[in-house]
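Contents: one structure, followed by commentary.
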Amino acid sequence: MIDKLKVLELAHDALEGSDKYVVNLKITSDNRIFVDIDGDNGINIDDCIELSRAIEGQLDREVEDFELNVSSAGADSPLKMPRQYKRHVGRRLEIKLKDGREMEATLQEAEDDHIVVRTKGTKKTAPETLTLPFADIMSAHVVIAF
């Protein structure tokens, strides 16, 4: 099986000096490699192709066969890293907390260890500004408005 740490190191080396970063890396038991990337200014298909070529060029198919898939962290993908939140300040998020609460709120700030959101409020409750440590967040998705 292909070494996950080796692939991660190859990806980090290829992305070094850019605003791009690895969000997720998964290698299945049959050597299918899935790399999700994001960037402070977004990702395009050329970014995915470039990283795919950089990783593939450093792995030897003669030693171990593999399938490599590099893609952007899609719009419907959960935010996984503090760095991802920073580029979504001002957007609405759907947030699930580890204590079971769910909310939709506008992202006001994103720091290294927490986010600050503003809830919309309802007829019965006033809008609130909440500070949420990343440790309390189970998942967060950007709400896509059409």
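Every listed requirement among (1) under 30 Å from LEU132 (Cα atoms); (2) loosely packed, with under 15 Cβ neighbours inside 10 Å is met by ARG53 save one, (1). Is at least one residue of the range 5-16 out of contact with any helix residue (DSSP H, G or I) (no Cβ under 8 Å at 6 or more places or on another chain), of a type outside the set (A, V, I, L, M) and outside any helix (DSSP H, G or I)? Yes, because at least one residue in the range 5-16 is out of contact with any helix residue (DSSP H, G or I) (no Cβ under 8 Å at 6 or more places or on another chain), of a type outside the set (A, V, I, L, M) and outside any helix (DSSP H, G or I).
Of all residues in the range 73-92, those being loosely packed, with under 15 Cβ neighbours inside 10 Å and more than 20 Å from ARG118 (Cβ to Cβ) number 4. Restrict the check to the range 93-101 and report whether at least one residue is crowded, with 18+ Cβ neighbours inside 10 Å and within 16 Å of the chain's Cα centre (by Cα). Taking every residue of the range 93-101 in turn, at least one turns out to be crowded, with 18+ Cβ neighbours inside 10 Å and within 16 Å of the chain's Cα centre (by Cα). Output yes when any residue across the range 123-133 is touching a Lys or Arg at 6+ places or on another chain (Cβ under 9 Å), assigned to a strand (DSSP E or B) and at pLDDT 95 or above, and no when none is. So far as the range 123-133 goes, yes, one or more of its residues are touching a Lys or Arg at 6+ places or on another chain (Cβ under 9 Å), assigned to a strand (DSSP E or B) and at pLDDT 95 or above.
The residue list VAL22, VAL63 contains one member that is open to solvent by less than 40 Å² (accessible area, probe 1.4 Å) and either of a type in the set (A, V, I, L, M, F, W, C) or closer than 30 Å to ILE144 by Cα (or both), which is VAL22. Out of curiosity, is ALA145 over 24 Å from ILE37 (Cβ atoms), open to solvent by 50 Å² or more (accessible area, probe 1.4 Å), touching a residue at least 40 places away in the same chain (Cβ under 8 Å) and of a type in the set (A, V, I, L, M)? Yes, satisfied. Residues in the range 25-45 that are more than 18 Å from the chain's Cα centre (by Cα) and exposed (fewer than 14 other Cβ atoms within 10 Å of the Cβ): THR28, SER29, ASP30, ARG32. Given the conditions (1) more than 16 Å from ILE37 (Cα to Cα); (2) surrounded by 17 or more Cβ atoms within 10 Å (Cβ to Cβ), which single one is not true for VAL70? VAL70 satisfies all of (1) more than 16 Å from ILE37 (Cα to Cα); (2) surrounded by 17 or more Cβ atoms within 10 Å (Cβ to Cβ) except (1).
For the range 102-122, taking the residues that are open to solvent by 40 Å² or more (accessible area, probe 1.4 Å) and outside any loop (DSSP other than H, G, I, E, B), the one that is farthest from ASN41 (Cα to Cα) is identified as GLU102. The selection criterion, being of a type outside the set (D, E, K, R), modelled with pLDDT of 95 or more, out of contact with any strand residue (DSSP E or B) (no Cβ under 9 Å at 6 or more places or on another chain) and open to solvent by 90 Å² or more (accessible area, probe 1.4 Å), holds for LEU5.
The values are calculated or read from the model by the stated rules, or taken from the named source; none is laboratory data. Quick caveat: nothing in here was measured; it's all calculated off a predicted structure. Counting neighbours? That spans all protein chains shown, and the Cβs are built from the backbone with ideal geometry, glycine included. Protein only, heavy atoms only, side chains kept; ligands, DNA and RNA dropped before computing areas. Shrake-Rupley method; radii C 1.70, N 1.55, O 1.52, S 1.80 Å.
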